[in-house]
Amino acid sequence: MTATSRGAFIVIEGLDRSGKSTQAAILQSRLQGPEQSTTKAVLIKFPDRTTTIGKMIDAYLRSQSEFDDHAIHLLFSANRWELASTIYAHLAAGTTVIADRYAFSGIAFSARKGLSYDWCRAPDIGLPAPDLTLFLNVEPGVARTRGGYGEERYETEDVQRSVRVVFERIGEEMKTDGQGQWVEIDASREKDLVARNIWRVVEPLSRGVASSLRKLWERDLTT
Ligand code: Z5A
Ligand code: MG
């Protein structure tokens with residue numbers, strides 16, 4: 001990292017069981033390296049189920065409570081906003097932040113229920129914008145065979161296929177919008193190979209980022 005640079009903000013997105021958490025952990029330990037005395041990379045997971053809002057989301061995902069579709073969408077977004085200042089602080093301190101899911105999951109899972117795409121995007125406008133989003137792409141049929149599938153709400157092949165369609169729209173828009181890099185990774189491959197392909201993209205950011213951090217969809221921010 002140079003004297004004027006900040007940490008990079010890297011988001012890992014993808015369908016259920018595409019290996020996001022597995023790859024986020026591998027990436028964090030690679031960025032952190034053997035030296036534990038300074039924090040080089042932190043991992044944040046959305047939803048963060050430890051906060052008060054996160055506990056409400058957790059109960060919903062485990063089908064222990066019900067919410068109106070709009071209300072749960074806003075809770076997922078609020079769960080990101082409550083961590084925004086933490087993300088800013090880490091980046092300013094030169095620490096790389098890896099987010100396991102982010103606003104893009106928020107749009108994809110709610111828009112597939114029939115809520116308006118623009119309405120779903122609105123509450124996340126102005127959040128810290130990732131420098132890089134890695135979209136782990138895997139066939140829903142392959143994801144279904146992986147551990148833990150089907151334990152929570154949304155974990156059906158039908159839901160995952162419709163979520164994937166919205167993610168494709170988001171990816172196209174991000175690529176044409178100049179909103180940081182959106183890179184698709186073939187996540188159906190073996191874990192180590194996926195990790196190597198991710199590192200190839202992340203490595204240039206690992207020494208810090210010179211440009212200032214942007215806000216998500218900042219052109220839609222009005223005073
Ligand atoms: N949601 C929402 O609606 N709105 C929002 O705003 C947000 C989220 C942020 C819970 O998310 C739900 O919340 C999610 C979207 C919704 N619903 N769905 N679907 P979550 O992130 O907490 O979900 P999770 O329970 O952690 O599952 P996951 O994140 O989808 O899984 P993953 O992280 O992608 O996979 P993994 O845990 O790394 O790996 C899963 C298994 O596959 C495990 O046994 C691994 O050992 C194995 N694995 C991993 N990689 C490989 C490879 N390459 N080959 C073979 N096997 C592998
Ligand atoms: Mg996960």
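Some observations on this one:
- Being of a type outside the set (Val, Ile, Thr) and closer than 30 Å to residue 161 by Cα holds for only one residue in 6, 30, 17, and it is 17.
- Residues in the range 104-119 that are more than 16 Å from ligand 2 (Cβ to nearest atom) and crowded, with 24+ Cβ neighbours inside 10 Å: 107, 110.
- Of residues in the range 186-211 being touching a helix residue (DSSP H, G or I) at 6+ places or on another chain (Cβ under 9 Å) and of a type in the set (Val, Ile, Thr), the one nearest to residue 94 (Cα to Cα): 209
- Subset tally (residues that are within 14 Å of ligand 1 (Cβ to nearest atom), over 16 Å from residue 197 (Cβ atoms) and part of a loop (DSSP other than H, G, I, E, B)) for the range 1-44: 3
- The range 9-27 residues that are among the polar types (S, T, N, Q), paired with ones that are at pLDDT below 95 and outside any helix (DSSP H, G or I) (beta carbon under 6 Å, 6 or more apart): 18/138
- Only a single item in (1) among the β-branched types (Val, Ile, Thr); (2) over 13 Å from residue 17 (Cα atoms); (3) touching a strand residue (DSSP E or B) at 6+ places or on another chain (Cβ under 8 Å) is not met by residue 138, and it is number (2).
- Index of the failed condition, residue 148 passing every other in (1) closer than 29 Å to residue 207 by Cβ; (2) of a type outside the set (D, E, K, R); (3) in a loop (DSSP other than H, G, I, E, B); (4) touching a residue at least 60 places away in the same chain (Cβ under 8 Å): (1)
- Subset of the range 32-47 [open to solvent by 30 Å² or more (accessible area, probe 1.4 Å) and closer than 21 Å to residue 14 by Cα]: 43, 45
- The set of residues in the range 79-124 that are assigned to a loop (DSSP other than H, G, I, E, B), within 14 Å of residue 170 (Cα to Cα) and in contact (Cβ under 8 Å) with a residue 24 or more places away in the chain comprises 101, 102, 112.
- Scope the range 125-145; condition part of a loop (DSSP other than H, G, I, E, B) and open to solvent by less than 10 Å² (accessible area, probe 1.4 Å); matching residues: 126, 127, 129, 130, 138
- Any chance residue 113 is within 25 Å of residue 138 (Cα to Cα), of a type outside the set (Ser, Thr, Tyr) and either over 18 Å from the mean Cα position of the chain (by Cα) or within 14 Å of ligand 1 (Cβ to nearest atom) (or both): yes
- Checking each residue in the range 175-223 for being open to solvent by 60 Å² or more (accessible area, probe 1.4 Å), out of contact with any Gly (no Cβ under 8 Å at 6 or more places or on another chain) and in a helix (DSSP H, G or I) picks out 175, 176, 192, 196, 200, 203, 204, 219, 220.
The values are calculated or read from the model by the stated rules, or taken from the named source; none is laboratory data. Nothing here was measured: the structure is a model prediction, and the numbers come from that model. All Cβ positions, even for glycine, are placed from backbone atoms using ideal geometry, and neighbour counts span all protein chains on display. Calculation scope for accessible area: heavy atoms of the full protein, side chains included, ligands and nucleic acids excluded. Shrake-Rupley method; radii C 1.70, N 1.55, O 1.52, S 1.80 Å.
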